[in-house]
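Okay, structure first, notes after.
Every number in this text was worked out from the coordinates using simple rules, so none of it is lab data. None of the values given here were measured: they were computed from a predicted structure. Here the Cβ positions follow ideal geometry from the backbone for every residue, glycine too, while neighbour counts run over all protein chains shown.
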Amino acid sequence: MKKLAIAVIPGDGIGKEVVPEALRVLDAVAEIHGGLEFDYSHYPWSCEYYIEHGEMMPKDGLEQISQSDAIFLGAVGDPSLVPDHVSLAGLLLKIRREFQQVINVRPAKMLEGMVSPLSRPENFDIMIVRENSEGEYSSIGGRVHSGEDEVVVQNAVFTKKGVSRVMQYGFEIAQQRGGSLTSATKSNGIAHSMPFWDEVFNELSANYPDVKTNSEHIDALSAFFVTKPQTLDVVVASNLFGDILSDIGAAIMGSIGIAPAGNINLNGKFPSMFEPVHGSAPDIYGKGIANPIGQIWTAKMMLDHLGEPEMGALVLLAIEETLQQGIKTGDIGGNSNTKEVTDAVIAALKRKS
Ligand code: ATP
Ligand code: MG
């Protein structure tokens, strides 16, 4: 029996609604598989936890989850209780940083049964590989003078190690998919970091002769996501560019409610963390109408990561079958609720096994 220890953190808002649904799907996967067991540990770390304890997670929180095979997270943040910068820094960003989850992977794929806002939604299937630890999101910089003379400097940090590892990860995924790798750059406008980015990309591409490569400026590339997403395969991007591209990716898929993501630790010292792209959606929390597909697809990515790609593929097929049956939540034009969608995914899974 293969036993996988999963640290489960539902977090805030609809995270508390969609995480249990995705666990029901994982339980069905274990049943179908026969030789797989999930050992869940549940952690109530959230903004409510903060109100009670004055912190988002206990002092030894990281220690408590460090031995798990993966972390399964819902959404963090409830600005009515705790300012977002406090809740995110105290939980989500802390895990990402301390567990060295230096890469963020986000698929943008046209699923069967989905309706895209694109007028000609051809079958795109993009994997965005985003740098998750440095780049433009740095705290280095400062402000001088005041009033009309005020000047603000914001530094971006690009290290050879950080850039190389995210690109290598991109090359490897492109290799596995038998596809191509596009680098998101802006070396025609940004004087230092992006020419360096291009340099490292060109240097590394020599090691992967079987991967077709090209570089696109971020402005043009953003447009390509809308006008010809079917021409893109794996896309590697800096922290900021990857952030923007993955939101466009979620939008062209038809809803942020279905978009999954993984925060990947590369050195094997700490677990990776899987969380959907959407947030805690306080506007719909408590109504039972949140789309569970983002969290369920996220569970599929976790299965792939934990060495169960066949089970992962089955989950994605079950999601697509459910969508094709028209069993959808309101955000994607249906009138089913959270539980009904999950039930349909589980039924489809069982039919396929
Ligand atoms: P964050 O700041 O945590 O990144 P946000 O507050 O910017 O997130 P979300 O919480 O993702 O954004 O919500 C954005 C919009 O999308 C809201 O109107 C929300 O109701 C909707 N939404 C997000 N996730 C889902 C979902 N799973 N099902 C249905 N609607 C969703
Ligand atoms: Mg929010």
For region 73-193, what's the relative contact order in percent, using C-alpha pairs closer than 8 Å and at least 6 residues apart? 17
Using the basic label-point model (7 angstrom from Cα toward the beta carbon), what is the Glu55 to Asn335 distance in nanometres? 4.9
Sequence gap at least 6, Cα distance under 8 Å: using those rules, report the relative contact order of region 116-253 to the nearest whole percent. 39
Among bridges DSSP assigns within the chain, what percent are antiparallel (round to 5)? 40
Can you give me the relative contact order of the chain as a percent, contacts being Cα pairs under 8 Å and 6 or more apart? 22
Only Cα pairs within less than 10 Å get springs; with that Gaussian network setup on the chain, which residue of Gly249, Gly257, Gly307 has the largest fluctuation? Gly307
In terms of modelled amide H atoms, which long-range or inter-chain residues lie less than 5 Å from the amide H of Tyr40? Ile6
Reduced to Cα centres, the span from region 70-149 to region 192-230 in Å works out to 21
Using Cα-only point scatterers and the Debye equation, what is log10 of I(q)/I(0) for the chain at each q in 0.15 Å⁻¹, rounded to two decimals? -1.39
Which lysines have a Cα lying under 25 Å from the Cα of Lys212, excluding residues fewer than 8 positions away in the same chain? Lys109, Lys160, Lys161, Lys186, Lys228
So if I place +1 on the C-beta of Lys and Arg and -1 on the C-beta of Asp and Glu, and nothing else carries charge, what would the dipole magnitude of the chain be about its Cα centre? I want it in debye, nearest 20. 620
Note down the magnitude of the dipole of region 116-253 about its Cα centre, charges +1 on Lys and Arg C-beta and -1 on Asp and Glu C-beta and zero elsewhere, to the nearest 20 debye. 340
Of all the stretches in the chain, which is the longest one without any exposed loop site, taking trypsin sites (Lys or Arg not before Pro) in a DSSP loop (any state but H, G, I, E, B) with at most 16 other Cβ atoms within 10 Å? 60-268
Where both residues lie in region 116-253, what percent of DSSP beta bridges are antiparallel, nearest 5? 30
Projected onto the charge dipole of the chain (unit charges on the beta-carbon of Lys, Arg, Asp and Glu, signs +1, +1, -1, -1), the Cα from Val315, Tyr40, Pro276 with the largest positive-side position is that of Val315
Segment Val151-Leu81, extension gain: residue separation times 0.36 nm, minus the distance between their alpha carbons: 21.8 nm
For the pair Phe196/Lys352, report the inter-label distance in nm, with labels modelled 7 Å from Cα in the Cβ direction. 4.3
In range of the label at Asn123: residues from region 156-189 whose backbone nitrogen is under 20 Å from the point 7 Å along Cα→Cβ: 174-181
Among Ser87, Ser46, what is the fewest-to-most ranking by other Cβ atoms within 10 Å? Ser87, Ser46
Longest site-free stretch - the chain; sites: GluC sites (Glu not before Pro), DSSP loop, at most 14 other Cβ within 10 Å: 151-353
Just tell me, in residue order, which DSSP H segments of the chain are both 20 angstrom or longer along the helix axis (alpha-carbon based) and at least 1.0 in mean Kyte-Doolittle hydropathy. 239-253
Under a plain spin-label model, where a point goes 7 Å from the Cα along Cα-to-Cβ, how far apart in nm are His33 and Glu63? 3.0
As I understand it, the dipole of the chain uses +1 on the Cβ of Lys and Arg and -1 on the Cβ of Asp and Glu, about the Cα centre. Which of Leu23, Leu306, Ala5 lies farthest toward its positive end? Leu306
